[in-house]
Amino acid sequence: MPQTTATQSERLIKKYPNRRLYDTQTSAYITLADIKQLVLDHAVFRVVDAKSGDDLTRSILLQIILEEESGGVPMFSANALAQIIRFYGHAMQGVMGTFLEKNIQVLMDIQDRMTEQSQGLYQQHFGPEAWAQLMNMQTPALQNMMNNYIEQSRNLFVQMQDQMQDQTRSLFTGFPFPGQPDTGKKKG
């Protein structure tokens, strides 16, 4: 009797010193375009160095992003890329990665909800062309919604920062710090 698995097994791609990528599942050499298609198909995969076994998945995904940004319409402006670079080595680096990941997930959730709603309304699956037309019509509304979301996120972050500062001050009220009002008892 055939065995079915509930989870998709991880596909292993080996990268050889000659920069060629080998898909161990299909026993064939593949290209970055093929890996991009795996991403679009939500396939679970990992790219490893054939010699050392080092995980190269992130590096390969970054190459795909670089190719996408170089051709067609880029997703990131030069200013956005410069801001991202500035976060490397900064104390907020970990927060920035998590923030971007969560916000991308929010956008994916919005897209999923819109897809579900469109299927209910039109009894058909929207293709890429239909999505492009819908997004062109809805761009101002979506931008406004995203601006409101970003403003709410900013306000929440500022509130969190203020609360952390207040908690830190309350923990160290007995210690004199330069520029802080002396809240301790005065000696007489």
Quick check on the stretch 145-159: of everything there that is open to solvent by less than 90 Å² (accessible area, probe 1.4 Å) and among the aliphatic types (A, V, I, L, M), which residue is modelled with the highest pLDDT? Val158
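Suppose we filter Arg46, Arg58, Arg20 for residues that are farther than 21 Å from Ser153 by Cβ, in contact with a helix residue (DSSP H, G or I) (Cβ under 6 Å, 6 or more places away or on another chain) and open to solvent by 50 Å² or more (accessible area, probe 1.4 Å); which single one remains? Full working, then the answer.
On the way: Arg58 fails: in contact with a helix residue (DSSP H, G or I) (Cβ under 6 Å, 6 or more places away or on another chain); Arg20 fails: in contact with a helix residue (DSSP H, G or I) (Cβ under 6 Å, 6 or more places away or on another chain).
From the options Arg46, Arg58, Arg20, the qualifying one is Arg46.
Can you go through Asp112, Asp162 and tell me which one is modelled with pLDDT of 80 or more and in a helix (DSSP H, G or I)?
On the way: Asp112 fails: modelled with pLDDT of 80 or more.
Testing whether each residue is modelled with pLDDT of 80 or more and in a helix (DSSP H, G or I) leaves just Asp162.
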Considering each of Ala50, Ala91 in turn, give the residue that is of a type in the set (Gly, Ala, Ser), at negative phi, in contact with a strand residue (DSSP E or B) (Cβ under 7 Å, 6 or more places away or on another chain) and modelled with pLDDT of 75 or more. Ala50
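The values are calculated or read from the model by the stated rules, or taken from the named source; none is laboratory data. Note that the structure is a prediction, hence the values are computed from the model and not measured. All Cβ positions, even for glycine, are placed from backbone atoms using ideal geometry, and neighbour counts span all protein chains on display. What goes into the accessible areas is simple: the full protein's heavy atoms, side chains included, and nothing from ligands, DNA or RNA. Shrake-Rupley method; radii C 1.70, N 1.55, O 1.52, S 1.80 Å.
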